[in-house]
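A.B. asks: Below are the C-alpha cells for one structure; questions will follow.
Coordinate-derived values only; no laboratory data. This structure is a prediction, so every number in the text was calculated from the model and none was measured. When we count neighbours, we look across all protein chains shown, and the Cβ atoms used for this are built from the backbone with ideal geometry, even at glycine.
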Amino acid sequence: MKICVIGTGYVGLVSGACFANSGNHVTCADIDEGKINRLNDGILPIYEPGLSEIVRHNMAKARLHFTTDVASGIKSSDLIFIAVGTPTGEDGSADLQHVLAVAETIGTNLNADDKIVIVKSTVPVGTCDLVRTIISNNSDRPFQVVSNPEFLKEGAAVQDFLKPDRVVVGCENERVKEIMEELYAPFVRTGKPILTMDLRSSEMSKYASNAMLATKISFINEISRLCEKVGADVDNVRKAMSTDQRIGPHFIFPGCGYGGSCFPKDIKALVQTGSQYGVEMEVLEAVESVNARQKRTCFEKIVDHYGEDLRGKTIGIWGLAFKPRTDDMREAPALVTIELLVNAGATVHATDPVALETAPPEVAHLGDKVKFFSDCYECIDGADALVVCTEWNDYRNPDFDDIKKRLTTPLLVDGRNIYRPEKMERMGFIYYSIGRPSPTGA
C-alpha cells in the first residue's frame with residue numbers, strides 16, 4: 001500500500017517505520033525541515049529501542065521516505081495518517097490546531113477519489129467528524145475518515161506496534177474496514193483482535209484505556225501513603241492484590257508518580273471533555289490530584305531527614321526521564337523533585353543513561369544549581385543523599401559500597417522501590433522507599 005504519515009513524532013515515526021517494515025511504501029511528512037534533514041541523515045529525534053534499526057533498514061530498501069513536501073505525500077498516497085501532536089491547551093483540553101491544519105492541507109491536496117484519511121493522533125470524541133467537515137469544505141472529491149488510535153508505550157513502542165494487544169478501527173464503510181484489516185494483518189497473526197466500531201467509540205477507547213491505567217497507578221500510590229502510616233508493606237499488599245484475576249499485576253507498582261506525554265495530557269483532556277458535556281469526572285480529577293501530590297514524595301523524604309532548609313546540601317538524582325528506555329522528560333517526576341530541592345536551597349547533581357540532552361533545557365531556569373553527570377557514581381561524589389527517580393536497569397544492582405563511600409551521609413531515597421529494605425539496613429544505609437516501613441527507623 002502507498003501510505004503517507006503526517007507527523008514524525010513518537011506515533012508518526014514508529015507507525016511509518018513499522019508499516020514500511022511490512023512491505024508498504026511509506027512517506028513520512030513533517031513541516032519541521034531540521035527534523036526531516038536529520039531523519040534523512042539517519043538521526044532520529046527520539047530515543048526508542050529498536051526504532052533506528054528499522055528506519056535505516058527500510059530507508060535502504062527505499063520503502064521509507066522523509067519529506068517536508070506534505071502536499072506531495074498526500075497526492076502520492078492512498079492512505080493518509082494524521083499523527084501530529086495534540087498538546088494540552090490552557091483549559092486542559094487537547095489542542096487540535098495541528099490536526100485541523102493537516103485536515104485542511106489534505107482537503108486542498110486530494111487529487112483522487114476514495115482516499116482514506118486515518119486519524120492516529122490522540123483526539124477528543126468528535127474530532128473525526130470535524131476532520132471530515134474541514135476536508136469536505138476544501139475538496140469535492142469523495143473520501144473516507146477512519147479513527148485508529150495508538151496504544152504505544154514509550155520504551156516499548158516498536159514491539160507494541162509489531163505485536164499489539166489489539167487494533168482499534170473506527171469506520172463506517174465495509175470496504176475501508178477490509179483495507180484496514182489487510183493493512184494490520186501482518187501484526188495480528190497470533191490472533192490478537194482487530195476491533196471495528198463507530199468513530200466516537202474508537203476515539204473514546206484511547207482515553208478510557210489511559211485513564212484506567214493512570215487510575216491504577218494513583219490508587220496504589222495512595223495505598224502506599226497509608227501503608228507508611230499504619231506500618232504495612234505495600235509490596236506485600238500489591239502482591240496480594242495482583243493474584244486477583246480481576247485486578248492483575250500490571251500498573252500497581254508504587255512510585256513517585258507517573259509522567260510522560262500521554263497519561264497527564266489524556267487525563268486532563270478527558271476531564272475537560274466531561275466538563276464540556278456536563279459530566280463531572282470525579283475519579284479522574286482525584287487521579288490527577290493524587291499524582292501531583294505523589295511527585296513531591298521524594299523531596300518530602302529528604303525534608304523529613306534534613307529539615308526544610310536544604311542550603312549547603314547536595315542531592316544526587318539517578319534517573320531523569322519519566323520512565324526507563326526513553327529520553328522523554330515531559331511531566332517527569334524528577335523535574336518536580338529537582339525544582340523543590342533547589343527552591344529549598346539545595347544543589348542537585350543529576351544523571352540519566354539517555355536523557356542528558358533532553359533534560360538540561362527543562363531545568364535551565366534553575367541556573368547553576370543543577371549540574372549533570374554522565375557517570376552515575378561521579379554524580380554523587382560528596383552528595384548528602386541519593387534519590388532514585390527512574391528505575392533504569394543500570395541502577396538496579398549498583399556498587400553499594402562505592403555509593404556509601406561517595407555520600408557524606410548514607411541517605412538513599414528510593415522513589416521506585418527497586419532495592420530491598422533489609423539489604424539497605426544490613427549495609428548501613430538510611431533508607432526511605434515508597435509505602436514500606438523502614439527497618440532502619442529512619
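A.B. asks: Using Cα pairs closer than 8 Å and at least 6 residues apart in sequence, work out the relative contact order for region 207-292, in percent.
C.D. replies: 39 percent
A.B. asks: For region 118-125, take each phi angle, set θ = phi - 60°, evaluate the Karplus expression 6.51 cos²θ - 1.76 cosθ + 1.60, and give the result in whole Hz per residue in order, putting x for glycine and proline.
C.D. replies: 10, 8, 9, 4, 6, 9, x, 4
A.B. asks: Same structure, new question: Loop only by DSSP, 12 or fewer other Cβ within 10 Å of the Cβ. Give me the GluC sites (Glu not before Pro) in region 42-105 that pass, ordered by residue number.
C.D. replies: In loop regions of region 42-105 (DSSP not H, G, I, E or B), the sparsely surrounded GluC sites (Glu not before Pro) are 90.
A.B. asks: Determine the relative contact order of the chain: mean sequence separation of Cα pairs under 8 Å and six or more apart, normalised by residue count, in whole percent.
C.D. replies: Relative CO of the chain lands at 12 percent.
A.B. asks: Another question about this same structure. At R0 = 51 Å, how high is the FRET efficiency between residue 236 and residue 280 if r is their beta carbon distance? Nearest 0.05 is fine.
C.D. replies: 0.90
A.B. asks: Still on this structure, please answer the following. Using DSSP to call loops (not H, G, I, E or B), can you name the trypsin sites (Lys or Arg not before Pro) in region 227-267 whose Cβ has at most 14 other Cβ atoms within 10 angstrom?
C.D. replies: 246
A.B. asks: Using amide H atoms built 1.01 Å from N in the peptide plane, name the residues 5+ places from residue 194, or on other chains, whose amide H lies under 5 Å from its own.
C.D. replies: It is 167, by chain and number.
A.B. asks: 5 Å is the cut-off here: which amide hydrogens, built 1.01 Å from N in the peptide plane, fall below it relative to residue 348, excluding neighbours closer than 5 in sequence?
C.D. replies: 315, 370, 371
A.B. asks: Which residue, 360, 398, 410, tops the fluctuation ranking in a GNM of the chain built on C-alpha contacts under 10 Å?
C.D. replies: 398
A.B. asks: So which GluC sites (Glu not before Pro) in region 239-311 are both in a DSSP loop and have at most 15 other Cβ atoms within 10 Å of their Cβ?
C.D. replies: 280, 308
A.B. asks: Let me ask another. Once amide H atoms are built 1.01 Å from N in the peptide plane, which residues 5 or more positions from residue 115, or in another chain, come under 5 Å H to H?
C.D. replies: So residue 115 has HN proximity to 144.
A.B. asks: State which entries of 153/301; 192/323; 153/177; 216/239 exceed 19 angstrom in Cα-Cα distance in the structure shown.
C.D. replies: Flagged as over cut-off: 153/301; 192/323; 153/177.
A.B. asks: Would you mind telling me which residue in 291, 148, 109 has the biggest mean-square fluctuation in a Gaussian network model of the chain, where springs connect alpha carbons within a distance under 10 angstrom?
C.D. replies: Result for the chain, Cα springs under 10 Å: 109 fluctuates most.
A.B. asks: What distance in nm lies between label points placed 7 Å from Cα along the C-beta direction at residue 212 and residue 33?
C.D. replies: Between residue 212 and residue 33, the label points sit 4.6 nm apart.
A.B. asks: For residue 243 and residue 61, compute 0.36 nm times the residue count separating them, minus their Cα-Cα distance, and round to one decimal in nm.
C.D. replies: 60.8 nm
A.B. asks: Another one. Whole-Hz Karplus ³J(HN,Hα) for region 353-368, in order, using 6.51 cos²θ - 1.76 cosθ + 1.60 and θ = phi - 60°, x for Gly and Pro?
C.D. replies: x, 9, 9, 6, 9, 7, 6, x, x, 6, 10, 4, 5, 8, x, 7
A.B. asks: Could the peptides 140-146, 348-354 be put in order, highest first, of the mean number of other beta-carbon atoms found within 10 Å of their residues?
C.D. replies: 348-354, 140-146
A.B. asks: Could you tell me which of rounded, prolate or oblate describes region 125-228, using a ≥ b ≥ c as the square roots of the eigenvalues of the alpha-carbon gyration tensor, with rounded for a/c under 1.5 and, failing that, prolate when a/b is larger than b/c and oblate otherwise?
C.D. replies: oblate
A.B. asks: Right, here's the next one. Which shape class applies to the chain: rounded if a/c is under 1.5, otherwise prolate when a/b exceeds b/c and oblate if not, where a ≥ b ≥ c are the square roots of the Cα gyration tensor eigenvalues?
C.D. replies: Note, shape of the chain comes out prolate.
A.B. asks: While we're on this one: Applying the Karplus parametrisation 6.51 cos²θ - 1.76 cosθ + 1.60 with θ = phi - 60° to the phi angles of region 260-276, what ³J(HN,Hα) value in whole Hz is obtained for each residue in order, glycine and proline being reported as x?
C.D. replies: x, 8, 10, 4, x, 5, 6, 4, 4, 5, 6, 4, 5, 4, x, 4, 4
A.B. asks: Give me the distance between the Cα centres of region 201-252 and region 32-56, rounded to whole Å.
C.D. replies: 35 Å
A.B. asks: Dipole of region 207-292, Cα-centred, from +1 at each Lys and Arg C-beta and -1 at each Asp and Glu C-beta, to the nearest 20 debye?
C.D. replies: That gives region 207-292 a dipole magnitude of about 200 debye.
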